[in-house]
C-alpha cells in the first residue's frame with residue numbers, strides 16, 4: 001500500500017497535490033512518501049517480531065541520504081555492495097554492526113574500509129574472495145567475520161536479469177561446494193565464520209521459491225552445526241516483489257508465516273535484505289508531456305523524462321503504470337510514451353492503452369521508488385532529476401536538480417589542449 005491517491009480528480013502525495021510539487025520543483029521529479037517507506041519497513045519488523053532479526057535495507061534500490069536517514073532512525077541496518085554504499089550507510093547513521101557487505105567484486109581498499117568500520121559480516125561469493133579477505137585481515141591484524149553466500153540453484157521465477165540463485169549465475173558459491181569452502185574458511189587464520197547467506201533474486205511474487213531455498217539452506221546449516229561451525233546469523237536475502245501492474249506478491253507477514261516454522265527453534269539471528277519492497281511503491285516519477293505525435297498506425301507521447309531518468313522499461317521491458325496527475329474524463333488511446341533520448345530504446349511505455357494526454361500536462365510514473373534514481377545517468381548530457389520527500393502536508397527537496405556545470409565538474413582538460 002502507498003500514500004499516492006486521488007482526492008477528487010487530483011493526484012496527491014500524502015497531503016500535498018502532486019501538481020504543486022511539479023510546479024515548485026520542476027520535472028522530471030522523483031517524489032517519495034515518508035509514510036509509505038515507514039509503513040513498509042515496519043511491515044517487516046512486525047512480521048518477524050517473534051524471532052531475533054535484523055532488517056538490512058538493500059541500498060542498491062535507492063541510496064538517497066534522506067531515505068537512508070529515515071530507515072536508520074527506524075532501526076534499519078544495511079545490505080551494501082560497494083565502498084560507496086558503505087560510506088552512504090554510515091553517513092546516514094546506520095550502525096556498522098547492522099551492515100552486511102555483499103557483492104562479487106570487493107576490492108582490497110573496500111575490504112580494508114569495511115574491516116576498519118567493523119561491519120557485521122562479509123557475504124563472501126567465491127574462494128578467491130575468501131582468501132583475499134583473509135590476506136587483508138591478516139595485514140590489519142584483525143579477524144574478518146564472514147558468511148558464505150550459497151547459491152541454492154533455485155528458480156526464483158522472475159526476470160532472468162534479476163534472478164541470482166541458479167547455478168549458471170555469477171553470484172554465490174554452489175551449494176555442492178559449500179562444505180568444502182566452509183572447511184577452507186575454518187582453516188584460514190584471519191577469518192571468523194559467523195553466518196550463512198542466500199539470495200535468489202528480485203521482484204519475486206511467489207512464496208514457493210523462498211520456501212524451497214530455505215529448506216535447502218537449513219539442511220546445510222544443520223550439517224555445518226553438526227561439524228562445530230558456530231553459525232549465528234542466517235541471512236535469507238531479499239527480493240520480495242511489489243505490484244507494478246496486476247501482480248499480487250506476498251507481504252512480509254506471509255513470508256514470516258511460511259519461513260519461521262521452518263527455522264524450528266534454532267538459535268539464530270535472522271537477517272533480511274529487502275529493498276524494492278520497502279521503497280518501490282514509495283516513490284513516483286513526475287514528467288511533463290512535451291509533444292504529441294502521430295506516427296504510422298500509432299501515437300507517441302513525448303515527455304521530458306527519458307531512459308536516463310528511469311532505466312527499467314528499456315533494460316527489463318518493465319511495466320510502470322502511467323497516469324495523468326489531473327484525472328478528468330477523456331477518451332482512451334493506445335500510445336508509446338517516449339523520452340527525449342536519442343535512442344529507439346528510450347521509452348517509458350509501449351502500446352499502452354491510457355487516457356489521451358494533453359500537451360503540457362503532468363504524468364505520474366508509478367512504482368518508481370526502487371531502481372529509478374539509483375540507476376539514472378546523465379546520458380545525452382541531461383542533468384539528473386530532482387528528488388523530494390513528502391511527510392503529511394510538508395515537503396522538502398532531498399536532492400537538488402542537476403545543473404549544466406555538474407555535467408563537466410569532474411572533467412580535466414590536459415595541458416596539451418590548453
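General observations
- Building the convex hull from the alpha-carbon atoms of the stretch 1-154 and averaging its projection over directions returns 12.3 nm².
- Fewest-first ranking of 303, 325, 211, using other Cβ atoms within 10 Å as the exposure measure: 211, 325, 303
- The stretch 268-323: translational diffusion in µm²/s, Stokes-Einstein, Kirkwood Rh over Cα pairs, 4 °C, 1.567 mPa s: 91 µm²/s
- Computed helical MRE - 222 nm, the chain, DSSP H runs ≥ 4 contributing -39500 (n - 2.57), nearest 500: -8000 deg cm²/dmol
- Ascending count of other beta-carbon atoms within 10 Å, so fewest first, for 396, 82, 277: 396, 82, 277
- Using the Cβ-Cβ distance between residue 315 and residue 253 with R0 set to 25 Å, the FRET efficiency works out to roughly 0.20.
- Calculated P(r) tail over 29 Å for the chain, as whole % of Cα pairs: 48 percent
- Between residue 1 and residue 192, the C-beta separation translates, for a Förster distance of 45 Å, into a calculated FRET efficiency of about 0.65.
- For the stretch 103-272, the Rg and Dmax computed from alpha carbons only, in angstrom: 16.3, 53
- Note on residue 264 and residue 50: the extension gain reaches 75.8 nm, defined as 0.36 nm multiplied by sequence separation minus the Cα-Cα distance.
- Relative to the current alpha-carbon distance between residue 359 and residue 380, full extension at 0.36 nm per residue lengthens the span by 5.2 nm.
- With R₀ set to 22 Å, the beta-carbon distance separating residue 207 from residue 42 gives a calculated FRET efficiency near 0.60.
Taken together, the values in this text are just the output of simple stated rules run on the coordinates, not laboratory data. What you see is a predicted model; the values in this text were computed from it and never measured. A quick note on method: Cβ atoms are made from the backbone with ideal geometry, for glycine too, and the neighbour counts reach across all protein chains shown.
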